[in-house]
1. Looking only at the range 262-308, count how many residues are modelled with pLDDT of 85 or more, loosely packed, with under 10 Cβ neighbours inside 10 Å and hydrophobic (A, V, I, L, M, F, W, C).
2. Looking at this structure, is Ile221 of a type outside the set (Lys, Arg), modelled with pLDDT of 90 or more, closer than 24 Å to Cys181 by Cα and touching a Ser or Thr at 6+ places or on another chain (Cβ under 9 Å)?
3. Every residue in the range 113-129 that is in contact with a Leu (Cβ under 8 Å, 6 or more places away or on another chain) and either in contact (Cβ under 8 Å) with a residue 60 or more places away in the chain or under 18 Å from Leu186 (Cβ atoms) (or both), please.
4. Would you mind stating whether Val116 is within 30 Å of Leu195 (Cα to Cα), among the aliphatic types (A, V, I, L, M) and more than 19 Å from the chain's Cα centre (by Cα)?
5. Scan the range 213-240 residue by residue and report those that are out of contact with any Gly (no Cβ under 7 Å at 6 or more places or on another chain), within 19 Å of Leu17 (Cα to Cα) and of a type outside the set (A, V, I, L, M, F, W, C).
6. Could you go through the range 51-73 and let me know if any residue there is β-branched (Val, Ile, Thr) and in a strand (DSSP E or B).
7. Confirm whether Leu145 is buried (at least 21 other Cβ atoms within 10 Å of the Cβ), closer than 30 Å to Ala232 by Cβ, of a type in the set (A, V, I, L, M) and in contact (Cβ under 8 Å) with a residue 24 or more places away in the chain.
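The values are calculated or read from the model by the stated rules, or taken from the named source; none is laboratory data. Please read all numbers here as calculations on a predicted model, not as lab measurements. Neighbour counts are summed over all protein chains in view; Cβ atoms, including those assigned to glycine, are modelled from backbone coordinates with ideal geometry.
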Amino acid sequence: MINNHTAANVTPPCLSLHDLHTYFFTTERLVKAVQDVNLSIPSGKTVAMVGESGCGKSMTALSILRLVPQPGRIVSGKINFNNEDLLQLPIEEMRRVRGNRIAMIFQDPMTALNHVFTVGNQIAEVLQHHKGLSAKLAQQQTIELLHLVGIPNPRQRYHDYPHQLSGGMRQRVMIASALSCDPDLLIADEPTTALDVTIQAQIMALLNEQQQQRRMSTLLISHDLGVVAQNADIVAIMYDGLIVEQAPVNTIFSAAQHPYTRELLNCIPTIGQRKKRLNIRPQSESFWDNCPGDFAPHDSKIPPLQTAANDHFVRHWNA
């Protein structure tokens, strides 16, 4: 097991995951969605979780918030948030954490936002619930938040419904809602997936600006290595519910060691060069089946996550 993977980190991490396992108990089989995840998010820094769809990124985020849908459940582990194990909190206390001390931006604002309420009412409700503000003060602060995230005519937009806004504006509403209670940790799950490149850059610039101003920690979940390269401090590569490699962002892009990480990096488009597609296996196989011996399972046991260098961890057998 590895703890607090950050270099020269004199303050405790904002969030630490210790041996986290989240499984789905279906009638057909046991699905190990999250396995043996150990991860620390330093205060004020951005940690990116990268991998293909279904690798366990979003399920890790939902585990942090204790929102794993049935038939899934957190089997074991610890989720330490500001020196408090979230898994030990009574459900009422956990509800006070969600949307308040830990906020989440979902990848599809059209699904996350309620279509029968105005966007202003939805943000104001968060402020009234968590901060105890009056309706008038909640409306005032909501308009200020809409202005903060770059929505024009915020007083007018307060009364708009989600379907009346563009995709970029809906995502800004989600950010305003997430920032409304000044969280210690922001989980951003594919926050720019449905947006064009120009709007993507604007949204990520907005998130970075707010992170710096608020000294907020961020867990960025993404499959876009370009977004990760420009915005992350630390990168965790996930495959099959496991972190297979973790390192500072520059190390991942310049000195990746795990074969899966290298496969992902080889798929990054480059002007003037034809990049190969990710070597996806048939459903009956997995990436492990073609891994070199040091990285492949032995006797049905997955290799452990071991130290490769300072702040660099790789899942393999040889230390």
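1. Total meeting the criteria: 0.
2. So Ile221 fits the description; yes.
3. Listed by number, the residues that qualify are Gln122, Ile123, Leu127.
4. Criteria met by Val116.
5. Of everything in the range 213-240, those that are out of contact with any Gly (no Cβ under 7 Å at 6 or more places or on another chain), within 19 Å of Leu17 (Cα to Cα) and of a type outside the set (A, V, I, L, M, F, W, C) turn out to be Thr218, Ser222, Asp233, Asp240.
6. no
7. Working: buried (at least 21 other Cβ atoms within 10 Å of the Cβ): yes; closer than 30 Å to Ala232 by Cβ: yes; of a type in the set (A, V, I, L, M): yes; in contact (Cβ under 8 Å) with a residue 24 or more places away in the chain: yes.
Against the criterion (buried (at least 21 other Cβ atoms within 10 Å of the Cβ), closer than 30 Å to Ala232 by Cβ, of a type in the set (A, V, I, L, M) and in contact (Cβ under 8 Å) with a residue 24 or more places away in the chain), Leu145 qualifies.
For every residue, the table says whether it meets (1) free of Cβ contacts under 8 Å to residues at least 12 places away in the same chain; (2) buried (at least 19 other Cβ atoms within 10 Å of the Cβ); (3) under 25 Å from Ala229 (Cβ atoms); (4) more than 19 Å from the chain's Cα centre (by Cα).
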position: Met104; (1), (2), (3), (4): no, yes, yes, no
position: Thr111; (1), (2), (3), (4): yes, no, no, no
position: Lys136; (1), (2), (3), (4): yes, no, no, yes
position: Met169; (1), (2), (3), (4): no, yes, no, yes
position: Ile175; (1), (2), (3), (4): no, yes, yes, no
position: Ala178; (1), (2), (3), (4): no, yes, yes, no
position: Ile203; (1), (2), (3), (4): no, yes, yes, no
position: Leu207; (1), (2), (3), (4): no, yes, yes, no
